[in-house]
Each structure stands twice: as structure tokens, then as C-alpha cells.
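Each remark here refers to the structure printed beneath this line.
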Amino acid sequence: MSRLEVGILKFQAEALPGLAARFAELAAVQHPDVLFITCSDSRIDPALITQTKPGELFVIRNPGNIIPHADHGVCAEAAAVEFAVGTLGVREIIVCAHSDCGAMSVAHSSEVDPSLRTLKAWVGHSDAAKREGCDHRALIRENVRLQLGHLRSHACVREARGTGRLSLHGWMYEMATGEVLALDQGSGDFVPIAARSMR
């Protein structure tokens, strides 16, 4: 039996009984408040970072926490955004990047490893985030700003923001420390959420 199968049995025996009522409710309907967009990186756990429960986050994960511009056309990310905003009625969208992002390393590199051609093409959706002399860490943050701009290009997002029922946020997760920085819309800087909450 694999480690994952053992985990499933443990979940069913130990965790599920205490969540039975919640899961019965979720089996019929979901009402997440937040669309959480983050990287596929195995070291990022949205529910752990935010301390949320099943049904509270609608999650999109892909290399580089990317949402292609609406002009790109049909893609899974656009479909998920449309469903989250138009059908589920989420109130917030968070784009959460992280330190030491492998996808952004590929985006930052001028060399193309032949085995990563598809990934290199995908992170092309981050090309506009590149600046002269921009290092890897700066690119990660610029990419958050860019993807927020891409989100605003989608009609469902524009309409929901226009009525005041949707807000957009950019985060940066520091893996070594667990610190989360939030993009301040006024200054354009990333500010520790812990410091902001103490104001």
C-alpha cells in the first residue's frame, strides 16, 4: 500500500468523522469567498498558509501563478476565473507568488532547456514583467503585478469590480520564514501582512 493510500485511510478514520456534517453540506453546494491563484510548487499549501477549511477557497494552480490576458483566448485559467466570479460570486481574488519560484527562473533565463520548451512558452505570459536589470526576486514580484493586470482584462472581473463586489490582491509568500507580504495598492510596495495588521 502506498504512502498516499495510507494517508487516505487515516483521513477517513481520523479526520472525516469530525468533518462529516461539513462535507455533507459541501457535497450539495460550494460558497467560497476567495479565488486563490498560486504556483504549482509542492511547497505551497494555500489552506495551510491561510488556515482555511474545505470549501472556503477556490484554487487555481499553475507554474508561475499565471492568468493569461483575456486576449489569449480560451484556457483553463480563464474558464476558472469566469466560473469563480460569475457563478460562485467570490468576493476576493488573490494572486500569491512565492520565493525561489522555478517557473520564474525559467522566465528569467535567456537559455531554453530543450526539455522545458512547453514551460518556457507558458511563462511567456510573464514576459511583460521583465525589466532591464531585473533580478529573479524582482521578477517574481513584478509578475504578481502583471497577473493582476491580466485579471482586470477579463470582462467578468471588470464587471464585478465595477459594481464593487470584487477586490484583487497580490501576495508574496516567503517559504523560508512563512512570512506573507501583500501588495499595497497605494505605494505599490509589498508590505508584511503581520506588520499591516498591527496598524
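A compact table of results
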read-out	value
Count of segment 146-199 residues which are surrounded by fewer than 16 Cβ atoms within 10 Å (Cβ to Cβ), of a type in the set (D, E, K, R) and in a helix (DSSP H, G or I)	4
Residue within segment 95-102 that is out of contact with any helix residue (DSSP H, G or I) (no Cβ under 6 Å at 6 or more places or on another chain) and within 18 Å of residue 33 (Cα to Cα) present	yes
Per-region count, segment 99-117, residues within 19 Å of residue 147 (Cβ to Cβ) and not in a loop (DSSP other than H, G, I, E, B)	7
The listed residue being of a type in the set (Val, Ile, Thr), assigned by TED's automatic domain parsing to the domain that holds residue 193 and outside any loop (DSSP other than H, G, I, E, B), out of 94, 66	94
Residue 37 being touching a residue at least 40 places away in the same chain (Cβ under 8 Å), of a type outside the set (Ser, Thr, Tyr) and closer than 21 Å to residue 176 by Cα	yes
Flag for residue 107 being under 26 Å from residue 89 (Cβ atoms), out of contact with any strand residue (DSSP E or B) (no Cβ under 9 Å at 6 or more places or on another chain) and among the aliphatic types (A, V, I, L, M)	no
Options 22, 61; residue that is of a type in the set (D, E, K, R) and outside the structural domain of residue 108 (by TED's automatic domain parsing)	22
Residue check for residue 71: assigned to a helix (DSSP H, G or I) and either in the same structural domain as residue 170 (by TED's automatic domain parsing) or touching a Phe, Trp or Tyr at 6+ places or on another chain (Cβ under 8 Å) (or both)	yes
Candidate set from segment 69-98 (those that are crowded, with 19+ Cβ neighbours inside 10 Å and not aliphatic (A, V, I, L, M)); member that is nearest to residue 42 (Cα to Cα)	98
Any chance residue 38 is touching a Cys at 6+ places or on another chain (Cβ under 9 Å) and outside any helix (DSSP H, G or I)	yes
In segment 42-60, residue surrounded by the fewest Cβ atoms within 10 Å (Cβ to Cβ) [restricted to those that are outside any helix (DSSP H, G or I) and in contact with a strand residue (DSSP E or B) (Cβ under 6 Å, 6 or more places away or on another chain)]	59
Residue in segment 1-21 that is closer than 30 Å to residue 106 by Cβ and either surrounded by 13 or more Cβ atoms within 10 Å (Cβ to Cβ) or more than 10 Å from the chain's Cα centre (by Cα) (or both) present	yes
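The values are calculated or read from the model by the stated rules, or taken from the named source; none is laboratory data. The model shown is predicted, which means the values in this text are computed figures rather than measured ones. Counting neighbours? That spans all protein chains shown, and the Cβs are built from the backbone with ideal geometry, glycine included.
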